[in-house]
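Some notes on the structure that comes next.
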């Protein structure tokens with residue numbers, strides 16, 4: 001087993017379905033530390049598993065503050081989709097656990113609005129995700145006529161819309177290729193969504209679509225660098241980390257309004273479009289009609305933007321300021337919203 005950092009603790013799963021994330025040892029560990037007043041803040045980054053409930057119980061009768069990042073789980077799409085277990089989990093456990101939090105964390109205004117729509121009135125810390133700028137970027141000559149999607153293969157991501165849009169463009173742009181990279185995600189009753197997508201490719205008789213599977217590490221960033229365009233046709237997204245990664249790699253992006261990236265257009269780094277096949281078709285056509293230098297220059301603008309507004313140093317400082325305010329050490333920072 002590979003070595004792990006000394007600040008990382010792993011916990012064994014208990015009896016029960018793996019998807020529930022039941023871990024009595026985690027619950028005991030959290031409770032022991034809060035009762036001993038060894039923890040100022042617990043920050044939880046997950047919903048819909050039992051390990052998201054443990055922090056709300058562990059902080060009882062302690063001075064520990066609880067911050068929760070819903071990570072897109074409160075969007076209308078997310079709340080209306082998923083298993084029947086989810087519909088029971090919300091009223092019985094998850095809703096009350098969220099009400100226990102002293103502060104909620106939103107990565108965008110869109111997610112902040114979802115939090116308020118669901119009736120949670122706690123302070124909200126508005127801080128985006130951070131991004132590490134890759135040292136290596138592609139030259140103009142290394143760019144290929146590729147449109148890249150990279151992420152989970154899941155119905156939320158709108159990949160059916162992407163394939164239907166591509167079916168209207170493939171003949172016109174016969175020198176281009178659409179690449180859909182990412183790991184399978186469950187779809188329907190036990191099927192794999194990747195199989196559904198590949199079947200759709202066959203039904204649409206598409207010739208220039210590739211599925212390289214999941215890409216990690218250098219292979220992932222090589223895919224970002226090689227592509228001339230990145231696309232995220234999502235129906236619902238609290239942030240869209242792949243967008244930030246693509247921009248940081250110097251690739252302009254097309255993102256639907258299911259994700260909070262409206263500043264793409266004001267920065268000149270891409271397009272922010274309505275959800276659906278027709279808007280996606282029109283935008284892809286317009287983008288592919290640009291010459292290679294125009295797309296390359298847009299990618300450069302996006303990389304500069306990521307380095308300026310999304311650096312981890314800045315993001316970490318803003319989260320630290322929120323933690324300090326919660327523990328009454330400092331005045332409320334401007335990115336903590338009370339209304």
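The values are calculated or read from the model by the stated rules, or taken from the named source; none is laboratory data. What you see is a predicted model; the values in this text were computed from it and never measured. Backbone-built Cβ (ideal geometry, glycine too); neighbour counts: all protein chains shown.
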Check: Scanning for something part of a helix (DSSP H, G or I), modelled with pLDDT under 95, surrounded by fewer than 16 Cβ atoms within 10 Å (Cβ to Cβ) and within 25 Å of the chain's Cα centre (by Cα), does the stretch 184-195 turn up at least one residue?
Finding: yes
Note to self: Among the residues in the stretch 124-137, are any in a strand (DSSP E or B), closer than 26 Å to residue 260 by Cβ and modelled with pLDDT under 90?
What the structure shows: yes
Checklist line | Residue check for residue 6: exposed (fewer than 14 other Cβ atoms within 10 Å of the Cβ), over 22 Å from residue 129 (Cα atoms) and in the same structural domain as residue 105 (by TED's automatic domain parsing) | finding: no
Check: What is the residue count in the stretch 41-69 for residues that are in a loop (DSSP other than H, G, I, E, B) and in contact with a strand residue (DSSP E or B) (Cβ under 7 Å, 6 or more places away or on another chain)?
Finding: 3
Item checked: Checklist (1) buried (at least 17 other Cβ atoms within 10 Å of the Cβ); (2) at positive phi applied to residue 268, failing item -> (1)
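Can you find a residue that is over 16 Å from residue 255 (Cβ atoms), in contact with a helix residue (DSSP H, G or I) (Cβ under 6 Å, 6 or more places away or on another chain) and either assigned to a loop (DSSP other than H, G, I, E, B) or outside the structural domain of residue 301 (by TED's automatic domain parsing) (or both) anywhere in the stretch 156-165?
Quick first cut of the stretch 156-165, residues over 16 Å from residue 255 (Cβ atoms) only: 160, 163-164.
Filter once more, keeping what is in contact with a helix residue (DSSP H, G or I) (Cβ under 6 Å, 6 or more places away or on another chain): 163-164.
When the remaining residues are screened for being either assigned to a loop (DSSP other than H, G, I, E, B) or outside the structural domain of residue 301 (by TED's automatic domain parsing) (or both), the result is none.
Checking the stretch 156-165: not a single residue is over 16 Å from residue 255 (Cβ atoms), in contact with a helix residue (DSSP H, G or I) (Cβ under 6 Å, 6 or more places away or on another chain) and either assigned to a loop (DSSP other than H, G, I, E, B) or outside the structural domain of residue 301 (by TED's automatic domain parsing) (or both).
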Check: Can you tell me how many residues in the stretch 17-32 are over 28 Å from the mean Cα position of the chain (by Cα) and without any contact (Cβ under 8 Å) to a residue 24 or more places away in the chain?
Finding: 5
Item checked: Subset of the stretch 103-119 (residues that are assigned to a loop (DSSP other than H, G, I, E, B) and touching a helix residue (DSSP H, G or I) at 6+ places or on another chain (Cβ under 6 Å)) -> none
